[in-house]
1. Pairs to check: Lys285/Lys349; Lys349/Lys385; Lys272/Lys324; Lys173/Lys276; Lys147/Lys199. Give those whose C-alpha atoms are more than 27 Å from each other in this structure.
2. How are the alpha carbon pair distances in the stretch 33-168 distributed across 5 Å bins from zero to the largest one, expressed in percent?
3. Around Gly302, with a cut-off of 13 angstrom between Cβ atoms, what is the net charge of the other residues, counting Lys and Arg +1 and Asp and Glu -1?
4. How large is log10 I(q)/I(0) at q = 0.14, 0.15, 0.24 Å⁻¹ when the Debye formula is applied to the Cα atoms of the stretch 253-335, each weighted equally and without solvent?
5. Just how far, in whole angstrom, is the stretch 332-371 from the stretch 250-308 if you go by their alpha carbon centroids?
6. Any idea how far apart Arg174 and Arg398 come out in nm if each label point goes 7 Å out from Cα toward Cβ?
7. Expressed as cubic angstrom per residue, what is the convex hull volume of the alpha carbon set of the stretch 311-414?
8. So what is the calculated 222 nm ellipticity per residue for the chain, using -39500 (n - 2.57) for each DSSP H run with n of 4 or more, over all residues, to the nearest 500 deg cm²/dmol?
Amino acid sequence: MVQRQFPKPVELLELMQFKKPELNGTKRRLDAAFTIADLRTIAKRRTPKAAFDYTDGAAEGETSLARARQAFEDVEFHPDVLRPAENVDTSVEILGGPSALPFGIAPTGFTRLMQTEGEVAGAGAAGAAGIPFTLSTLGTTSIEGVKAANPHGRNWFQLYVMREREISYGLAKRAAEAGFDTLQFTVDTPVAGARLRDKRNGFSIPPQLTLGTIVNAIPRPWWWIDFLTTPKLEFASLSATGGTVGDLLNAAMDPTISYEDLEIIRGIWPGKIVVKGVQNVADAKRLIDRGVDGIILSNHGGRQLDRAPIPFHLLPTVVREVGKDATVMVDTGIMNGADVVAAMALGAKFTLIGRAYLYGLMAGGRAGVDKTIEILRSEIERTMKLLGVASIAELEPRHVTQLTRLAPMPRTDA
């Protein structure tokens, strides 16, 4: 029989602990975000559809992106028990310098369209966290502006080969003069992918006011206020705007890019050079044999060739073929710190995040980027402790099994 009694006022008071309301709207929103998916939800609510879809979307049917994310979800971890890892070391050495975490911020174009702080927020947050920040050729903050935002941290520069080669050469020289230590030579964009969300939304650079955009802006006035009351968007590499992103890329990029261009840029660039956009084993071996400082396995976040190879699935084979000492990095589909841990266990020397960073930026500017890094850091540390590893160096392939829903059919030409 349960014994009942009247509650005592003192005991009731102990239960009635009211939380002080948070008056700062940005902090209140970000405090409610526990995952990158939470930040995405906030970002979608606060950003006009065309700008959000430019970030969130991919090419054609968006199959490449979906498969890349599924690949990370289809991971089975194998923890060691009775292996204390109370304090974990998440730091790594990458391309001749330190990073406090095994990931950096990937290059993203037109970033101030997502949120007005743009690359300044990303570079500042990266510097504070002790990780590298990469500025895109199509960035909306100048090379010098990023250096000012992250004066003591590691800045990297992503380079497209333009039809007007002197533009590319000039950008590389400016980045070197500003102290950027690594150049990402990007090879997967001879032409623009078919980004259908942008076409359906009529998304242009700069944004054009239409009845649809006005209606969509009504519940998001803060974005338009920021856009209209801050300095005009400027693009270091584009002399003309006024079309879709695909139109601008096709007008600027050169489909004749070749190894000769790589050698010319290597002659210009004094620092480390990595090739971004590698998607098969043969190219990976060829590039490492030619002496590049590293490669990034990437299908451009699914934004170029749809149904392209899955970088995370390629990773173990590439590492085996080029040797464990080669600098192999990976991007595309990373949405959780556990994804980073899985990649490092399978031999990656580093990883890069793109959309995860932009979701934080759209959700809360600089504070939102800080939140992205905080979330991923926490997930990395927790995953490592649960695996029983105290440092990134202790991660091994045995800690991970890649499960797959896609198995290749036997080839008839084999």
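1. The answer is Lys147/Lys199.
2. Values per bin, smallest distances first: 2, 8, 12, 15, 18, 19, 13, 7, 4, 1, 0, 0.
3. Result for the local shell: +1.
4. Per q value, in the given order, log10 I(q)/I(0) is -0.49, -0.56, -1.24.
5. The two parts, judged by their Cα centres, are 22 Å apart.
6. Each label point lies 7 Å from its Cα, and together they span 5.1 nm.
7. 132
8. Helices in the chain give a 222 nm mean residue ellipticity of -13000 deg cm²/dmol.
The values are calculated or read from the model by the stated rules, or taken from the named source; none is laboratory data. Quick caveat: nothing in here was measured; it's all calculated off a predicted structure. All Cβ positions, glycine included, derive from the backbone under ideal geometry; neighbour counts span all protein chains shown. The area values use the complete protein model at the heavy-atom level, side chains included, leaving out ligands, DNA and RNA. Shrake-Rupley method; radii C 1.70, N 1.55, O 1.52, S 1.80 Å.
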